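The values are calculated or read from the model by the stated rules, or taken from the named source; none is laboratory data. Here the structure is a predicted model, which means the values were calculated and not measured. Virtual Cβ from ideal backbone geometry, glycine too; neighbours counted across all protein chains shown. We work out accessible area using only protein heavy atoms, side chains counted, and drop any ligands, DNA or RNA first. Shrake-Rupley method; radii C 1.70, N 1.55, O 1.52, S 1.80 Å.
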Amino acid sequence: KIFVSKGEFDEAKSNHIINNSSKHFIIYNAVNDVNIEQKNNEQIRIKYNINRNIKIVTSICRLEDQKNIFEILAISKLCLDNVFLILGTGSLKRDLERKIDQEKIHNIIMPGNVNNPIEHLRESDIFLSTSLYEGHPISVLEAMSLGLPIVASNVTGNLETIIHGESGYLYKIGNIFSAANHILRLSKNPNIRKSLGKNAKNRQQEFFSVSRMINNYIEIYSKIA
């Protein structure tokens, strides 16, 4: 059995899916390295009519219970000078749109599924993940590969991906004030944003690169072949 994080393995063990005699390996998910020096033409900001001085907070996820999307709405109401992009679709889409309309939340944009999520991330300033749990989140890794600082819930998967205060910030689920404070701090401090983003990219390249993942799989196959 192959797990994508130690947290996922621990969950499997605690739920008696595996035992001490089970053969298992932990191989983290990975994403391709991205050239962050590529020129930003601001097409996303133009498309959604977002002023270049406004900091964009992006989330990429399925609109399902696991992703805890309604927490993004609550956080956005504490960060009115930011624009929140929620990319993705799912069964909660209409409920989210209804709540946004009822509460007159004006700083959230929900484009649905997009063909160019990397370009959206390239023009973003911060990445936000509010998930209730993760195996090992691909969307967070993609954001890291583009040098974005991460604000994420301190849950399985996120905990092994983000180093608090070094490559992003972790917050306790439900503590929207903590999450909002992290976002506001990053929004107001370009040096911190740049430093954490650089560390996030370095961490992705060192631990969550495709080449490393492939080599780990080859090593396993060579042992059992």
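Quick one: P(r) of region 106-225 from all Cα-Cα pairs, 10 Å bins, percents rounded to integers, in order of increasing distance.
In order of increasing distance, the bins hold 13, 40, 33, 10, 3, 0 percent.
How much net charge surrounds SER187 when only the other residues with a Cβ under 13 Å from the Cβ of SER187 are counted, with Lys and Arg +1 and Asp and Glu -1?
Values: positive: LYS55, ARG185, LYS188, ARG193, LYS194; negative: ASP81, ASP125.
Net charge around SER187: +3.
Residues of region 142-156 with the amide nitrogen closer than 13 Å to a label point 7 Å from the Cα of ASP10, along Cα-to-Cβ, please.
From region 142-156, the list is 154-156.
Where the only charges are on Cβ atoms (+1 Lys, Arg; -1 Asp, Glu), what is the dipole of the chain about its Cα centre, to the nearest 20 debye?
280 debye
So which trypsin sites (Lys or Arg not before Pro) in region 141-221 end up in coil per DSSP with only 16 or fewer other C-beta atoms within 10 Å?
Listed in order of number, the matching sites are LYS172.
For the chain, what does the accessible surface come to per residue with a 1.4 Å probe? Please give it in Å². Kindly include the intermediate steps, with their values, before the conclusion.
On the way: 11910 Å² over 225 residues.
Accessible surface, normalised per residue, equals 53 Å².
Full-extension gain between LYS77 and THR89, please, as 0.36 nm times their residue separation minus the C-alpha to C-alpha distance.
That pair, LYS77 and THR89, stretches by 2.2 nm at full extension.
Amide H to amide H, which residues 5 or more places from SER131 or on other chains are under 5 Å from it, using H placed in the peptide plane?
Here SER153 satisfy the definition.
Against the longest alpha carbon principal axis of the chain, how many degrees, from 0 to 90 and to the nearest 10, is the axis of helix 210-224 turned?
That works out to roughly 20 degrees.
Near LYS104, which lysines are there with a Cα under 27 Å away, not counting those fewer than 8 places off in the same chain?
LYS47, LYS55, LYS67, LYS77, LYS93, LYS172, LYS188
Can you list which of the trypsin sites (Lys or Arg not before Pro) found in region 23-72 are DSSP loop residues with at most 11 other C-beta atoms within 10 Å?
Taking region 23-72 and a limit of 11 other Cβ atoms within 10 Å, the loop trypsin sites (Lys or Arg not before Pro) found are LYS23, LYS39, ARG52.
So how much slack lies between ILE163 and ILE224, counting 0.36 nm per residue of separation and subtracting their Cα-Cα distance, in nm?
Length gained between ILE163 and ILE224: 18.6 nm.
Quick one: 3J(HN,Hα) in Hz for region 49-56, Karplus 6.51/-1.76/1.60 with θ = phi - 60°, rounded, Gly and Pro as x.
Karplus values, whole Hz, x for Gly and Pro: 6, 9, 4, 5, 8, 8, 7, 9.
Round to a whole number: what % of the accessible area of region 44-176 belongs to carbon and sulfur, probe 1.4 Å?
46 percent
Rounded to the nearest 0.05, what FRET efficiency do GLU97 and ILE54 give with R0 = 25 Å and r taken as the Cβ-Cβ distance? Could you check?
0.70
Excluding residues fewer than 8 places away in the same chain, name every one of the lysines whose C-alpha is closer than 16 Å to that of LYS13.
LYS1, LYS23
Say R0 is 25 Å: what FRET efficiency, to the nearest 0.05, do LYS1 and ASN215 get from their beta-carbon distance?
Computed FRET efficiency for LYS1 and ASN215 comes out at 0.85.
Enumerate the calculated ³J(HN,Hα) couplings along region 133-143 in order (Karplus 6.51 cos²θ - 1.76 cosθ + 1.60, θ = phi - 60°), each rounded to whole Hz, writing x wherever the residue is Gly or Pro.
Using θ = phi - 60°, the values come out as 6, 9, x, 7, x, 4, 4, 5, 4, 4, 5 Hz.
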